[in-house]
1. Determine, yes or no, whether residue 73 is hydrophobic (A, V, I, L, M, F, W, C) and at pLDDT 90 or above.
2. I need the full set of residues from the range 34-51 which are surrounded by fewer than 23 Cβ atoms within 10 Å (Cβ to Cβ) and over 14 Å from residue 102 (Cβ atoms), in order please.
3. Given the residues 46, 53, which is the only one that is at pLDDT below 85 and over 21 Å from residue 140 (Cα atoms)?
4. Looking at (1) assigned to a helix (DSSP H, G or I); (2) at pLDDT 95 or above, can you tell me which one residue 116 breaks?
5. From the list 107, 98, 103, which residue is within 13 Å of the chain's Cα centre (by Cα), modelled with pLDDT of 95 or more, assigned to a helix (DSSP H, G or I) and under 15 Å from residue 15 (Cα atoms)?
6. Name every residue in the range 58-89 that is under 14 Å from the mean Cα position of the chain (by Cα), aromatic (Phe, Trp, Tyr) and buried (at least 17 other Cβ atoms within 10 Å of the Cβ), in order of residue number.
Amino acid sequence: MDANRDGEHRDILAHVLLPVANEKDARETAQALAPYAPDRVTTLHVVEKGEGVPDKTPVEQSEEVAEEAFTAVQEIFPAAESHTAYSRDVVEAIFDAADEVGASAIAYRSRGGGRLMQFLSGDLSLELVTQAEYPVVALPRENRET
């Protein structure tokens with residue numbers, strides 16, 4: 001149990017928002033979440049939109065990646081719902097999606113990378129855990145990089 005923003009107590013695993021990047025990440029993240037047996041899972045894929053600059057990948061291709069990720073999560077959580085967000089700011093999109101779906105927590109699996117990669121990416125994990133208004137569950141990584 002944990003207290004939400006209103007001070008009410010509720011199970012943080014009642015409705016987990018699970019942000020994923022692609023099929024492999026989705027499968028590994030869902031496998032990491034499975035031992036905790038959440039009541040409800042909503043898988044989130046954020047399509048990064050450029051807002052005035054060229055998109056990293058065509059939207060259609062990004063939507064295909066999202067569908068593959070949703071299918072991978074549903075292999076482990078058959079009742080998992082799917083949610084796609086379109087935004088330039090991935091972390092803000094995660095927070096907005098948590099509000100939209102009524103999540104009780106955000107669970108994610110760090111995608112790793114060295115300090116340089118974290119610096120260049122703006123360290124999304126740090127932003128996610130320090131700015132969230134929801135409990136954030138950092139799932140363990142099976143294959144730790146040394």
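The values are calculated or read from the model by the stated rules, or taken from the named source; none is laboratory data. Keep in mind it's a predicted model, so treat the numbers as computed, not measured. Ideal geometry is used to build each Cβ from the backbone, glycine not excepted, and the neighbour counts take in all protein chains shown.
1. yes
2. Within the range 34-51, 34, 35, 36, 37, 47, 48, 49, 50, 51 qualify.
3. 53
4. Tallying (1) assigned to a helix (DSSP H, G or I); (2) at pLDDT 95 or above, residue 116 fails exactly one: (2).
5. On the way: 107 fails: assigned to a helix (DSSP H, G or I); 103 fails: assigned to a helix (DSSP H, G or I).
Criteria check complete, one pass: 98.
6. 70
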